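These notes are about the structure you will find just below.
Any read-out appearing in this document is the output of simple, stated calculations on the displayed coordinates, not a laboratory observation. Just so you know, these numbers come straight off a predicted model, no measurement behind them. Don't worry about glycine lacking a Cβ; one is built from the backbone with ideal geometry, like all the others, and counts go over all protein chains shown.
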């Protein structure tokens, strides 16, 4: 299969001279977390993501209306040609630990985007799990290697990330972004005064519900923007339970809680991919990718 057969062609993009506020609005209106950045002749010069905005704008207290996309975008471009075999795109996604790459012509003009979720949807027996595992390695702060095990027989406590730094419902959006930057994560549980989980905030929430909504990150609280539906499991649950929860609720992360619903860890789809890289990962990826647009 060629990249041209799988890539998304009608790709929204922005200029490096655009404000981050404009980019966030575009992400909201088109329900995407990734925008290519191009020149006037459509040549790619970078990309901007939810994570870029959360870590490089909100966490640093920058003004989205006056900050240009070019100031916070990722300049390294990983791309392939529409005429390349899909295996080329898969290898580059895995090697560079990217869940999306651009398809460009010889002049670096943008022709489309290939995403991990698109590969999982079209090729259920393909390498989606392997790519997800590579992305997980990028997001691991410690870069630790997990022992090989069968995911269906493993338990959450064996792979969950335990360095969870939750926030309180009255903490500011800026404080949450600072946690994300410090921990290199895109997901922060929200706890009440007893320490029990009552919600969660993601980097996407910060983009849609703070930046795109023109809210002040220092005056907007976690309670104002958090997702209240928190899907959780026990550290002693087998990963098969977590996979089923992810597929059912279309979530890519599950919070592990104790008997008092205090967070003790987080298991992500990428974490599961690091220990089990086969069809189940692709199945869950397809289900998560089919979730409806998030309300702003």
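At-a-glance table
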| quantity | calculated |
| --- | --- |
| Rough spin-label spacing in nm, given labels placed 7 Å along Cα→Cβ, for residue 87 and residue 264 | 4.5 nm |
| At 1.306 mPa s and 10 °C, Stokes D of region 1-78 from Kirkwood alpha-carbon radius, µm² per second | 123 µm²/s |
| Cα→Cβ-extended label distance, 7 Å offset, between residue 219 and residue 60, nm | 2.4 nm |
| Net length gained if the chain between residue 168 and residue 78 were fully extended (0.36 nm per residue, minus Cα distance) | 28.6 nm |
| Kirkwood Rh, angstrom, region 3-139 [1 / mean 1/r, Cα pairs] | 15.3 Å |
| Reciprocal of mean inverse Cα separation for region 156-283 (Kirkwood radius, Å) | 15.0 Å |
